Number of protein chains: 4
Amino acid sequence: MNSFGSRLRYSTFGESHGVAIGCLLDGVPAGLKIDEAFIQSELDRRKPGKSEFETARKEDDKVEILSGTFEGYSTGTPIAMLIYNTNQKSKDYSNIKDIFRPGHADFTYFHKYGIRDYRGGGRSSARETAARVAAGAIAKLMLNELSIEVKSGISEVAGIKADIFDYESAKESIIYALDASKESAQKAAILKAKNSHDSVGGVSRIIIKNAPIGLGQPLYYKLDGVLADAMMGLNAVKAVEIGDGILSASIEGSQNNDEIRADGFKTNHSGGVLGGISNGEDIILNVYFKPTPSIFKEQETVTTTNKEVNFSLKGRHDPCVAIRGSIVCEAMAALVIADMLLLNMGSTMSGIKKYY
Amino acid sequence: MNSFGSRLRYSTFGESHGVAIGCLLDGVPAGLKIDEAFIQSELDRRKPGKSEFETARKEDDKVEILSGTFEGYSTGTPIAMLIYNTNQKSKDYSNIKDIFRPGHADFTYFHKYGIRDYRGGGRSSARETAARVAAGAIAKLMLNELSIEVKSGISEVAGIKADIFDYESAKESIIYALDASKESAQKAAILKAKNSHDSVGGVSRIIIKNAPIGLGQPLYYKLDGVLADAMMGLNAVKAVEIGDGILSASIEGSQNNDEIRADGFKTNHSGGVLGGISNGEDIILNVYFKPTPSIFKEQETVTTTNKEVNFSLKGRHDPCVAIRGSIVCEAMAALVIADMLLLNMGSTMSGIKKYY
Amino acid sequence: MNSFGSRLRYSTFGESHGVAIGCLLDGVPAGLKIDEAFIQSELDRRKPGKSEFETARKEDDKVEILSGTFEGYSTGTPIAMLIYNTNQKSKDYSNIKDIFRPGHADFTYFHKYGIRDYRGGGRSSARETAARVAAGAIAKLMLNELSIEVKSGISEVAGIKADIFDYESAKESIIYALDASKESAQKAAILKAKNSHDSVGGVSRIIIKNAPIGLGQPLYYKLDGVLADAMMGLNAVKAVEIGDGILSASIEGSQNNDEIRADGFKTNHSGGVLGGISNGEDIILNVYFKPTPSIFKEQETVTTTNKEVNFSLKGRHDPCVAIRGSIVCEAMAALVIADMLLLNMGSTMSGIKKYY
Amino acid sequence: MNSFGSRLRYSTFGESHGVAIGCLLDGVPAGLKIDEAFIQSELDRRKPGKSEFETARKEDDKVEILSGTFEGYSTGTPIAMLIYNTNQKSKDYSNIKDIFRPGHADFTYFHKYGIRDYRGGGRSSARETAARVAAGAIAKLMLNELSIEVKSGISEVAGIKADIFDYESAKESIIYALDASKESAQKAAILKAKNSHDSVGGVSRIIIKNAPIGLGQPLYYKLDGVLADAMMGLNAVKAVEIGDGILSASIEGSQNNDEIRADGFKTNHSGGVLGGISNGEDIILNVYFKPTPSIFKEQETVTTTNKEVNFSLKGRHDPCVAIRGSIVCEAMAALVIADMLLLNMGSTMSGIKKYY
């Protein structure tokens, strides 16, 4: 339930204002060099408090590996990683103790479980995604040895869309903007919302380069299906699109089909997936994030005893969750691809005979 | 791999031009009245050849229950259902034996497995979805006893969008159109494409009414994540959207949050899901289908030995897969909701004590 | 729930007196030659009615493959197999309709599900094991290509124990006796019980030869743990032993340890498993079957409304379930080994790089 | 792979001489009072160094809960628990760095993974079972609220068998002896082996009282099958027996069947399980442990480069692993029963309607 993946399986635990968050990554092949500095650098990309476009909560997000490695290499046993919470301000949340914040999971957790850790959203806080990034970093180390790359960037903020998708420039941008020419407008939109005590939505675009043909199982553990689950399962995500996605639904087959030549596909409308299986082209996803539900404007809601109240949220929040979310999308994509790579081994008798 | 679901788990088998297709549904609670006429009526809604808007392949799709029932009721043991293939015209496919049809899974299956049942797409054919509909019908019988309803309709064809979503009128429409005022334009678009040897994309909209609060597990078997996987895993689906979805990404938090009053949510931008858990509102999904890749226009492709060829497809195909796909979306939604209902039992000690 | 295995997963369905029984085998690698005659020959080894040592119910147990193969080879898609029930005599069971047979699952199914298919035990009948044997036969075909063998025989009947374990002579024995010198005494014990309207227990011994080192996952999908589940899950099995098993518990470490020389282990007390992982030696299991609970002697029991009755069972039953059970143990062992082989791929980065 | 359970799922991590060991317990129902003192007291029962009958390695085994609780109650989110390793003496193991200890997993881990944490056996050390006991303690807290009890004791050491099974006196015994009249002989056997640099095997007996009828899924997640996996998966376990088990295989059906009267079963030869489902009687298991493979007598083995050597092990080891193993068996039994309880909810439509 708090786990994901089949052959490479990770589980996370922890609450926003508990002792620590962490993850358990099971199925990592033995003999992988575990570059701890790289894992930390991935966490640093996601960590909060780096700029005015993010929440002011500062967390070091120092990751500690507890198991599964020996003399710098993975041993095939589960890798547990821990990140202590250091900058909790639980008292920020005393005012929401008995209140369901609109757009948050407060209402559903309370009704499902009859009890809820209200401090910072507890388990439902996006803070949990730090653990995903740690797990994803190890998946990336594994993919890296096979020359597979996972990249991401922000393609849209508050309706302002990128025309070009430059993943290298996105790395340098504080808001991970894919289109440098749109970056200042996108930043302005974020600050405008923030200054009016509001928030904005955005879109993250993910690309996976150099994945081999054959990833994905038919018909119920499809590459695109599992990626959709991985992304839709992220806080605030409300839509997921593969390749031309939404556009595909409004055009004709002759426009949408990718014709094939001896040296490969002529186009990549499909986003690298045919029949749920990778076709060797770039795998491309768009992930749509709603605006941060935590806003400071006054809102109507009810208490846990169903009394109507008006309230204004306090605390520290990202004005646009898509931005840091983009790094989490990368991690999820890396985890899915690594899982599919492992599952794909054993698809043919000839492959098995080569192995044994 | 060919299974879906956790506590209610179904598996399908069969190829388009093999002996039969079928499914195995495991975890159905005992004591459910198995209304075979209803199951057949659901299959009839999906079955091909009912109109000019669908493939001309006629299949009776008569379903046979092999196990798991006794004197008309489920016994708690797995329910196997079989649908014999009767109208295969395998020779239609002899011309694609060595050719990868653009937009199809031919290329990926061949490269993944080194062997491929080319007749009608084999396992990757949408024919497999008849088995999903059979399983979904049993899920619906179960949901029905709890007054939960799953409905669907076509909201968009070839860019022509519904303004109103009338699920009752959709039932009467031969193309399951949600907006009767757009139906004739949508039909015309389909026929225009068909007559020009082409195809069109479309969007199916699914609604789940009366689901209890609390469905969905945190954080990795979320209701929206699993629904996204279920839908994205369908042939030709390229995007999935929950609630306001794509729109959410371009607006502000104050516009997107659903405020709460004592008698419920004021709006339903969220599509009935908060933090991956149902909130008691209607659960709403949009599923974006690409145009049928099978078109009769000449296309460029390669053979299994990578020779470039131009070819025109023959055979019988739906000009717009979204239409019959809509019935499959319903089935998938019913299966997911039923699975989540079963999983939700045991969420609290008080619930467990009430049970035992 | 009605499935077994991780990477090679099979599911069974069907009741003793229903339309058919069958199985779905998922994860078979593509390109495996599917020798249908071999599959049938395995079913013939298990099928009832071959001698006076077995139930008189005659079933052809003709297996039909519905999917997953193409031109004689597996395609990587799920293989469904069907065996129609032809010789049901449901009226034999009308007298147990309202009665719980001692030693059977009647009592537990009724109380768990509130409904029960009483005809021949319904789902809980050992008839279901025909489907396991069909699935196991395909696993054997796969293992055969890797020179791995799975064999079995009867080592004990009614306390009469084999001193030698000759798997080749067991194949020729009508009761699969491993020790030809004990066969007539074992047969006599069976007939004596049968003639006094009783039944006897027995022990099946299974050996797996030539399995590679490394099968089994640490620490919760161990080779020996999964084999124990596979065997204990068979009807009438009450104990499972690996290697010297029970004896090990009463001796000293210096007697029980298998010392190692350059050319291998000096002894095989461990039964081929160390730390849950195969060590390259023969894998050896003993499986203890209770006597058939179906006996014709008068017994005390209650009805479904808890009325006390004395009754004598009718119908057709094996006097010693261990005998045909031995063939099922073989099938289960083959399925477990094949599953573990597939899972083992991807254990090391060097193996992965060799593959991709 | 490093996880166990279906609806209540736990995962463990950590190596004998790493930073820490721990576990993640997922699926605990919300609203369970988490009695930390009880969890610690269970760990104290298993912890080493309490007497001359155990290893001299002293570990405090202080458990720390990192997540999943709020104000003393479970919240429905995963509970992570951590136990730091404090008394590692890794240098004890420098002499086995390049040597495969007979009877240990050194050989198989090295060949499977190509790398091995040799310090104290790394992951394969029985130290990992402390994490199981922590998880099992929470399962016991849950079972306790339903009045279900899990108990254990030692029924046999070095061939010296208990005649009576007194679980209360076992609690008071330093070797958890079930039969006080055999305790001194059993202790003497342990010390005799220890003093001669050897070790002894033993048998743990587990009883589960007051489990409801209906636990266990047909036919592949059976209560007895899963218990067998749970127990056989423990280090040093070589056989598992349910009820009369091994004896059943040598007697007649009329002796072995449990007849039924209006007030229950007349006998309990079955050990509380019929058809894989609990029948309301005591569930009884015997678990056979081999002697500790770590002995100080000189043994023959090979190095990682396959050089033959004679060596005598150093370090600190239990002379009879069955004793502390018995506490682990209890924990595993509690986890299995709790998992089965949760899975059982939803078996019938009438139960579901009562719930929703």
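Before moving on, here are some points about what is shown:
- C:ALA249 within 30 Å of C:THR12 (Cβ to Cβ) and touching a strand residue (DSSP E or B) at 6+ places or on another chain (Cβ under 9 Å): no
- Among the residues listed as D:THR77, D:THR129, the single one being more than 10 Å from chain C (Cβ to nearest Cβ) and either part of a loop (DSSP other than H, G, I, E, B) or at pLDDT 90 or above (or both): D:THR77
- In the range A:91-108, residue farthest from the other protein chains (Cβ to nearest Cβ) [restricted to those that are within 25 Å of the chain's Cα centre (by Cα) and not in a loop (DSSP other than H, G, I, E, B)]: A:ASP106
- B:GLU172 vs. criteria of a type in the set (Asp, Glu) and either touching a Lys or Arg at 6+ places or on another chain (Cβ under 7 Å) or away from every other protein chain (no Cβ under 11 Å) (or both): yes
- Qualifying residue in the range D:32-55 (condition: closer than 30 Å to A:ARG9 by Cβ, facing chain A (nearest Cβ under 7 Å) and crowded, with 22+ Cβ neighbours inside 10 Å): no
- Any hit, the range A:116-125, residues being surrounded by 22 or more Cβ atoms within 10 Å (Cβ to Cβ), at pLDDT 95 or above, assigned to a helix (DSSP H, G or I) and not charged (D, E, K, R): no
- D:THR267 fulfils the conditions (1) modelled with pLDDT of 95 or more; (2) farther than 19 Å from C:ASN286 by Cβ; (3) in a strand (DSSP E or B) except for a single criterion, (3).
- Test result for D:ILE21, more than 9 Å from chain A (Cβ to nearest Cβ), hydrophobic (A, V, I, L, M, F, W, C) and crowded, with 22+ Cβ neighbours inside 10 Å: no
- Scanning the range C:278-309 for residues that are more than 21 Å from C:ARG116 (Cα to Cα) and without any contact (Cβ under 8 Å) to a residue 24 or more places away in the chain gives C:GLU281, C:GLU298.
- Residue list for the range B:258-298, restricted to those being under 23 Å from B:GLU149 (Cβ atoms), among the small types (Gly, Ala, Ser) and within 22 Å of the chain's Cα centre (by Cα): B:SER270, B:GLY271, B:GLY272, B:GLY276, B:SER278
- Residue in the range A:304-325 that is assigned to a strand (DSSP E or B), of a type outside the set (Lys, Arg), within 20 Å of the chain's Cα centre (by Cα) and crowded, with 24+ Cβ neighbours inside 10 Å present: no
- For D:GLY264, the conditions (1) crowded, with 23+ Cβ neighbours inside 10 Å; (2) within 18 Å of C:HIS104 (Cα to Cα); (3) more than 8 Å from chain C (Cβ to nearest Cβ); (4) among the small types (Gly, Ala, Ser) all hold with the exception of (1).
- Members of the range B:76-103 that are in contact (Cβ under 8 Å) with a residue 40 or more places away in the chain and crowded, with 24+ Cβ neighbours inside 10 Å: B:GLY76, B:PRO78, B:ILE79, B:ALA80, B:MET81, B:LEU82, B:PHE100, B:PRO102, B:GLY103
- Among residues of the range C:289-315, those that are among the hydroxyl-bearing types (Ser, Thr, Tyr), facing chain D (nearest Cβ under 7 Å) and within 30 Å of C:ALA228 (Cβ to Cβ), counted: 1
- Taken together, D:SER147, D:SER152 contain a single residue that is within 17 Å of D:ASN210 (Cα to Cα), modelled with pLDDT of 95 or more and surrounded by fewer than 23 Cβ atoms within 10 Å (Cβ to Cβ), which is D:SER147.
- B:GLY14 at pLDDT below 95, within 29 Å of B:GLY201 (Cα to Cα) and at the interface with chain C (Cβ under 10 Å from one of its Cβ atoms): no
- Taking the listed residues A:ILE79, A:ILE96, A:ILE83, A:ILE115, the one that is touching a helix residue (DSSP H, G or I) at 6+ places or on another chain (Cβ under 8 Å) and over 27 Å from A:LYS194 (Cβ atoms) is A:ILE79, with no other qualifying.
- Yes/no for D:GLU42 being acidic (Asp, Glu) and at pLDDT 95 or above: yes
- Wholly enclosed helices (runs of 4 or more DSSP H) of the range D:190-257 bearing at least 2 residues within 8 Å of another protein chain (Cβ to nearest Cβ), closer than 20 Å to C:ASN286 by Cα and under 23 Å from the mean Cα position of the chain (by Cα): D:223-232, D:245-248
- Considering B:LEU178, B:LEU146, the condition of being farther than 21 Å from B:VAL200 by Cβ, touching a residue at least 12 places away in the same chain (Cβ under 8 Å) and over 16 Å from the mean Cα position of the chain (by Cα) is satisfied by B:LEU146 alone.
- Among residues of the range C:56-74, those that are part of a loop (DSSP other than H, G, I, E, B) and facing another protein chain (nearest Cβ under 9 Å), counted: 4
- Close pairs (6 angstrom Cβ cut-off, 6 or more residues apart or separate chains): farther than 22 Å from D:GLY121 by Cα in the range D:4-18, part of a loop (DSSP other than H, G, I, E, B) and not aromatic (Phe, Trp, Tyr) anywhere: D:ARG7/D:GLY27; D:LEU8/D:GLY27; D:ARG9/D:GLY27
- Selection status of A:SER67, under 20 Å from D:ALA131 (Cα atoms), modelled with pLDDT of 95 or more and polar (S, T, N, Q): yes
- Residue count, the range D:218-233 (criterion: surrounded by fewer than 24 Cβ atoms within 10 Å (Cβ to Cβ) and either farther than 27 Å from B:GLY27 by Cα or in contact (Cβ under 8 Å) with a residue 60 or more places away in the chain (or both)): 1
The values are calculated or read from the model by the stated rules, or taken from the named source; none is laboratory data. Note that the coordinates shown come from a computational prediction; the quantities given were computed from them, not determined experimentally. As a convention, Cβ positions derive from the backbone with ideal geometry for all residues, glycine included, and neighbour counts pool all protein chains shown.
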